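Only the coordinates and a few stated rules stand behind these numbers; no lab work does. Since we're looking at a predicted model, the values are computed, not measured. Heads up, the Cβs are rebuilt from the backbone with ideal geometry, glycines too, and the neighbour counts pull from every protein chain shown.
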Amino acid sequence: TYTQDDPFINAMTDKLKSQLKIMENSNMKVIVSVRNGDNDQREQDEIVAEMIDAGCDVLCVNLVDRTAPANIIKVARQNDIPVIFFNREPVHEDLAQWDKLYYVGCDAKESGDMQGEIAAEYIKKHPEVDRNGDGKIQYVLLEGEAGHQDAISRTDCSVNTLIENGVQLEKLSYQFADWNRGQAENRMTQLISQYGDEVELVISNNDEMALGAAEAYRNSRISEDKWPAIFGIDGLDDALQAIKEGTMQGTVYNDKEDQAGEMARLAVD
Ligand code: GAL
Ligand code: CA
């Protein structure tokens with residue numbers, strides 16, 4: 001994995017382990033070892049080489065840098081170890097280098113479209129989201145990571161779907177927060193000091209950052225009736241809880257069960 005600090009990736013990794021366990025039989029034991037690259041592609045390259053030396057049969061790689069799989073592909077190929085990349089998608093040219101390279105991930109476009117749909121529906125049902133009554137929704141967008149396929153598509157599709165559904169938007173700010181709750185809280189705290197209670201909608205590329213934004217409001221002087229509507233993506237437990245409590249307004253399920261299931265099936269094949 002690219003880091004040990006990403007709750008979605010950790011949840012998916014746990015699912016992968018349990019899926020693989022289910023697929024064991026009298027002829028085949030499955031031994032899984034998990035290592036993280038600590039946000040450093042070179043470190044991840046070294047770990048992959050170590051795992052190959054240790055005798056692995058299949059590699060599942062959640063790249064640190066999705067544009068830099070070359071070293072991993074090279075050693076895997078030399079040792080004839082198939083690689084299932086997941087969640088951080090190598091570009092087509094890299095995946096086409098060898099026929100034992102695979103990719104499993106979500107359809108980012110679809111999660112963006114769905115986020116736009118639920119946000120538009122919510123805004124129509126709750127006209128009070130437009131707090132200053134100017135007919136436009138002042139919004140900020142929290143982006144996962146520059147160059148990440150999910151961040152790019154989710155941002156585009158979510159905003160376009162809102163517009164297609166007749167919501168007039170006014171962009172206040174786009175901020176990168178590395179999918180991370182703490183970073184998003186910091187960014188949002190800065191935005192609150194800049195815009196006060198003007199933000200009416202927060203669109204976040206994932207739940208962790210949405211929860212960070214909610215936390216920033218909780219720690220601010222802005223009274224609860226002036227908090228924006230906040231939407232995430234992933235459908236993690238903490239976000240579902242926040243939606244029940246009313247500090248987030250919606251999320252889109254990123255199907256970690258099915259993605260882990262496909263990886264397990266592919267690995268065993
Ligand atoms: C996304 C997911 C984020 C984060 C990211 C890491 O698909 O929604 O929460 O885990 O992958 O690459
Ligand atoms: Ca407004």
Practice item. Below 21 Å Cα-Cα, how many Lys pairs turn up in segment 105-247? Only count pairs eight or more apart in sequence, or on different chains, if you could. Key: 12
Study note, to complete from the structure: GNM on the chain, Cα springs under 10 Å; top mean-square fluctuation among Asn25, Asn254, Asn36 goes to Asn25
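Under the 0.36 nm per residue contour assumption, what length would be gained going from the current alpha-carbon distance of Ala49 and Lys29 to full extension?
Numbers: separation 20, 0.36 × 20 = 7.20 nm, distance 2.26 nm.
Once the chain is fully extended between Ala49 and Lys29, it gains 4.9 nm.
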Study note, to complete from the structure: proj_area_mean for the chain (convex hull on C-alpha atoms), units nm², value 14.8
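May I ask you to sort Val30, Val140 by Cβ crowding, counting other Cβ atoms within 10 Å and putting the fewest first?
Numbers: Val30 17, Val140 25.
Fewest-to-most Cβ neighbours within 10 Å comes out as Val30, Val140.
When Asp237, Asp113 are ordered from fewest to most other Cβ atoms inside 10 Å of their Cβ, what list results?
Details: Asp237 11, Asp113 20.
Going from sparsest to densest Cβ surroundings: Asp237, Asp113.
Multiply the residue separation of Ser173 and Glu245 by 0.36 nm, subtract the distance between their alpha-carbon atoms, and state the gained length in nm to one decimal. Intermediate results must be reported in sequence, preceding the final value.
Values: separation 72, 0.36 × 72 = 25.92 nm, distance 2.63 nm.
So the extension gain works out to 23.3 nm.
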Check your understanding: Taking the chain as a Gaussian network, Cα atoms linked when under 10 Å apart, which of Gln41, Gln259, Gln78 shows the biggest mean-square fluctuation?
Key -> Gln78
Check your understanding: Binned at 5 Å from 0, what are the whole-percent values of the Cα-Cα distance distribution for segment 157-211, short to long?
Key -> 4, 18, 26, 23, 18, 9, 1
Practice item. Mind giving me the FRET efficiency for Leu266 and Asp156? R0 is 30 Å, r the Cβ-Cβ distance, nearest 0.05 is fine. Key: 0.55
Review point. Over the chain, what is the percentage of antiparallel beta bridges among all DSSP beta bridges, to the nearest 5?
Key: 5
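Roughly how large, in nm² to one decimal, is the mean projection of the convex hull of the alpha-carbon atoms in segment 123-227? Don't skip to the answer; put the middle values down first.
Details: hull surface 24.7 nm².
For segment 123-227, averaging the hull's shadow over all directions gives 6.2 nm².
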Practice item. May I ask for the distance between the Cα centers of segment 91-142 and segment 30-52, given as a whole number of Å? Key: 31
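Net charge around Ile230, counting only other residues with Cβ within less than 11 Å of its Cβ (Lys, Arg = +1; Asp, Glu = -1)? Walk me through the intermediate numbers first.
On the way: positive: none; negative: Glu200, Asp207, Glu215.
Value of the local net charge: -3.
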Study note, to complete from the structure: Pseudo-spin-label distance Arg221 to His126, built 7 Å along Cα→Cβ, given in nm, is 2.5
